[in-house]
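These notes concern the structure reproduced below.
The values are calculated or read from the model by the stated rules, or taken from the named source; none is laboratory data. As the structure is a computational prediction, the values presented were derived from the model and not from experiment. Quick reminder, even Gly has a Cβ in these numbers, built from the backbone with ideal geometry, and neighbours come from all protein chains shown.
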């Protein structure tokens, strides 16, 4: 809000002293960046922001505010990805105040105008903090998804026999991914037997058992038979004590046993050469 | 209302569902299959759902009912070509297609049906 | 927001197709699309058969952290559901229960809200988020 034209006057001042202010601002930011971004790039980024800041202050057009926040968010995201701390980015924004202060310090007339500028710059600086959090969260989430993908391979053991070696906990997110990969592989390879190996699954409780049952049901809908292998003695005891029933799903101690069973069911026999 | 065609190939009734199923179409298919089973004495029913994107409770019930009806005529039903996304959804729903066997594709489905008879 | 009438079997098919397109356009995975459309099919059928006809609305929504989602509204001025608890039990898989498919639909979506009073119609609102 610019009831008495304060912001407009600041905008005009910034326009008149463009080169000096942007130059000084650049210097201050470059000092903080410590070589992680080039001078030219910093200057370019700040020129863009500066122009937008002036437009917003002058109140000339309605789009300026949206463009400014977009440009600032883009800058913050880039900095977050490049490993800058949120303080470093924020301080870079705040240093515009210092650059302007150095010029207006002597004239007492521009105090209200300067105040209007500082209010605006403070908001912008705070915003970069928020963008930082959101960006980091997105990165962490993407990494988690990538890790999930990597740790869920589906391998072909033999003609018509595929295996899903599970390593780590089997939660609902993992189960969804396992089901998708398993079923897609069944379609792609035309396999009719899947061995789900849980040697690498640390705990098998009622929830994990349900996830396994779901996975087997889904595979069966595509005509595949399943065997669960890798039942360690400890796990076997837990399963029994929890009263978990695997019904008509074959279970074996090791992947080797499960492979032998699958080969037998496929009518194949392994003989010495 | 569209009707799903039923083909007789040897001793097998072959149904390939290619359209978006409306409830009326589903009911009609069930009736038509019962008629055909009675009229032809076929030993098996092969239902191909490779092109089906959605199987909800109504369609699921139809499939189970067809399985039961076939059994009354001493015929076996095999459902083939279920899409992974559909299988996962059905599992989430907890729907069991009791009494209906499944196979990956028509070829394997026929092997199942012929192996039986 | 788009409004679709549900007064016939054809309308149910149309709702499915519309929801499918909306889900695909907004980047939901194939499995999530299938789950949402299946839920929509159940709810649309309920609206038609038990609600004696009504309407569906499809809306694209955005969560606080920027995820996109599809929100569906199913409303009817039918007789309402006298016992919501019963309607939401897992009856339909065995063919018993009220066969309303509501419990099934609930499992397929991320958010589910049912409001119904005997004589005052039913409204079901569901949301499925992209991952």
Buried (at least 20 other Cβ atoms within 10 Å of the Cβ) and over 24 Å from residue A:109 (Cβ atoms): is that true of residue A:38 in this structure? no
Taking the options C:57, C:67, name whichever one is within 12 Å of another protein chain (Cβ to nearest Cβ) and either surrounded by fewer than 17 Cβ atoms within 10 Å (Cβ to Cβ) or over 13 Å from the mean Cα position of the chain (by Cα) (or both). C:67
Would it be correct to say that residue B:94 is on the phi > 0 side of the Ramachandran plot, more than 11 Å from the chain's Cα centre (by Cα) and either surrounded by fewer than 22 Cβ atoms within 10 Å (Cβ to Cβ) or within 14 Å of chain A (Cβ to nearest Cβ) (or both)? yes
Quick one: count up the residues across the range C:104-117 that are surrounded by fewer than 22 Cβ atoms within 10 Å (Cβ to Cβ) and within 14 Å of chain B (Cβ to nearest Cβ). 4
Criterion first (at pLDDT 90 or above, under 22 Å from residue B:91 (Cβ atoms) and surrounded by 15 or more Cβ atoms within 10 Å (Cβ to Cβ)) does residue C:14 satisfy it? no
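Look through B:34, B:42, B:103 and report the one residue that is over 28 Å from residue C:7 (Cβ atoms), away from chain A (no Cβ under 14 Å) and touching a strand residue (DSSP E or B) at 6+ places or on another chain (Cβ under 8 Å).
On inspection, the qualifying residue turns out to be B:42.
Would you pick out the residues in the range A:260-273 that are under 13 Å from residue A:225 (Cβ atoms) and part of a helix (DSSP H, G or I)?
Once the filter is applied, which keeps residues that are under 13 Å from residue A:225 (Cβ atoms) and part of a helix (DSSP H, G or I), the range A:260-273 yields A:261, A:262, A:263, A:264, A:265.
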Residues (in contact (Cβ under 8 Å) with a residue 12 or more places away in the chain, away from every other protein chain (no Cβ under 13 Å) and over 30 Å from residue C:109 (Cα atoms)) located in the range B:45-76: B:45, B:69, B:70, B:71, B:73, B:74, B:75, B:76
Hits in the range A:119-138 - residues which are at pLDDT 90 or above and either in a loop (DSSP other than H, G, I, E, B) or loosely packed, with under 15 Cβ neighbours inside 10 Å (or both): A:119, A:122, A:123, A:126
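Does residue A:83 satisfy being under 29 Å from residue C:66 (Cβ atoms) and modelled with pLDDT under 90?
yes
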